[in-house]
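The block underneath contains the structure these notes are about, expressed in structure tokens.
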Amino acid sequence: MKYSKLLDKIKNDYKLSIFLFILLVCLIAFVSIRSNFCFHFTENTGYYFFSSLLQANAAIFSIFGVFFIYRLQTLNSSISEIFNSLIMTAGSSIGREEAQKFKNLTLEDKEKNLIKYKDSNHVWSHEFINWYNYEKKIEIIKPLIKKPTIILITLIIFQAAFVLLSSDIHSIGLILEITTFIINLFCEAYILIILGQTIFQIID
């Protein structure tokens, strides 16, 4: 119960979520730099730093994609179960025809039919309502993947470029190198916030 309240608070408080993610990323970076580099920046420091972020983001991209696909498959599976249940329990060609007819309707037409089913106290109105809700949820979450995907792919491309240019950045000066580290950490925090908010919206 306590964890649920904490998650709700983080979900609703944008500033708190930003602070927690930035704190987490900075803590991980601090521990990594201290353990691996001992605060001694060499020519390979930037290479290891950017390549680590690159690999982490590639893993995040894969996990997020799998989660998104799994969520869509779960909703589609629920719709299929309702459809099959209606066909099996209807026990008549009329019931099967209604289920097939409802399946072929657009989401807007399904909503109109729900009003008709509710007004007439249709025997299968509850199943049709659940069916509509699942389809509506699918339509809501599909566009949600676009923003984090674009940002994450862009970040991966830039970090791949930083990996290639790491030795050049180091040769220019320590200030530039540290600046690129900080900028990438903030970008990492930002994408984690976006992904966190998107996941909350998907599972809501």
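Computed from the coordinates by the stated procedures, all read-outs in this text should not be read as laboratory data. Since the model is a prediction, treat every value here as computed from it, not as a measurement. No Cβ is skipped: glycine too gets one built from the backbone with ideal geometry, and neighbour counts run over all protein chains shown.
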*In the range 46-204, lysine pairs with alpha-carbon atoms under 15 angstrom apart (chain gap of 8 or more, or interchain)*: 9
*Given the Cα-Cα distance of His126 and Ser167 and 0.36 nm per residue of separation, how much length would full extension add, in nm?*
8.4 nm
*Starting with the highest mean, order 98-105, 43-50, 59-66 by the number of other Cβ atoms within 10 Å, averaged over the residues of each peptide.*
43-50, 98-105, 59-66
*Subtracting the Cα-Cα distance from 0.36 nm times the residue separation, let me have the gained length for Ile151 to Leu174 in nm, one decimal.*
5.5 nm
*For the range 46-204, give the magnitude of the charge dipole about the Cα centre (Cβ charges: +1 Lys/Arg, -1 Asp/Glu; no others), in debye to the nearest 20.*
340
_Fully extended contour minus Cα-Cα distance, from Ile115 to Ile87, at 0.36 nm per residue_ = 7.9 nm
*Would you mind giving the average projected area, over all directions, of the Cα convex hull of the range 46-204 in nm² with one decimal?*
11.0
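Take the Cβ-Cβ distance between Thr106 and Gln73 as r, set R0 to 30 Å, and report the resulting FRET efficiency rounded to the nearest 0.05.
Working: r = 22 Å, r/R0 = 0.72.
The formula returns an efficiency of 0.85 here.
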